[in-house]
Amino acid sequence: MTIIPGQGPCFRCVFRELPERSVTSTADVGILGSIAGIIGCIQATEAVKYLLGQGDLLVNRMLTMDGLTMSFLEVEIRRDNQCPDCGNN
Ligand SMILES: [Zn+2]
C-alpha cells in the first residue's frame, strides 16, 4: 500500500489500533530474508514510480503476498472519514 497524504487512505485508516503485544513480533520469531527482499523491491519500485510520475501507484490498494503459494492479492482500501490521523475532524 502506497501512502500519499491527502490522496488516499493512511496506514491508520486500515489499522486503527496498534496490535496487542500478544501478537507475534518479528523481533521474537525472525523474518524470512527473501520475503523482506521481495517486498522491499516492490516498495522501491513504487517510490521510483512516484518520483517519475509514472504508472499506477498502490494508492487505495493493498497488495498482499502469500509466500507459500507465491500468490499476490490486491484489496481495495478506502480512506476512513473517521480516521484520527487523516479523517475529516
Ligand atoms: Zn487515515
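The values are calculated or read from the model by the stated rules, or taken from the named source; none is laboratory data. Remember, it's a predicted structure, so these values are computed and weren't measured experimentally. Reconstructed Cβ throughout: ideal geometry from the backbone, glycine too, with neighbour counts over all protein chains shown.
What do you reckon, is LEU73 away from the ligand (no atom under 16 Å from the Cβ), exposed (fewer than 10 other Cβ atoms within 10 Å of the Cβ) and either assigned to a helix (DSSP H, G or I) or charged (D, E, K, R) (or both)? No; evaluated as a whole, the condition is false for this residue.
The residues of region 12-36 that are free of Cβ contacts under 8 Å to residues at least 12 places away in the same chain, in a helix (DSSP H, G or I) and within 15 Å of the chain's Cα centre (by Cα) amount to a single one, ALA36. If ASN81 satisfies every condition in (1) at pLDDT 95 or above; (2) closer than 22 Å to ILE3 by Cα; (3) loosely packed, with under 11 Cβ neighbours inside 10 Å but one, which is the exception? Unmet condition: (1). Here the condition is being on the phi > 0 side of the Ramachandran plot and either exposed (fewer than 13 other Cβ atoms within 10 Å of the Cβ) or in a loop (DSSP other than H, G, I, E, B) (or both); of GLY55, GLY40, GLY87, it holds for GLY55 alone.
Number of residues in region 58-70 that are more than 16 Å from the ligand (Cβ to nearest atom), part of a loop (DSSP other than H, G, I, E, B) and surrounded by 10 or more Cβ atoms within 10 Å (Cβ to Cβ): the value is 1.
Filtered by the rule that a residue be of a type outside the set (A, V, I, L, M) and within 13 Å of ILE4 (Cβ to Cβ), region 41-61 gives GLU46, LYS49, TYR50, GLY53, ASP56, ASN60, ARG61.
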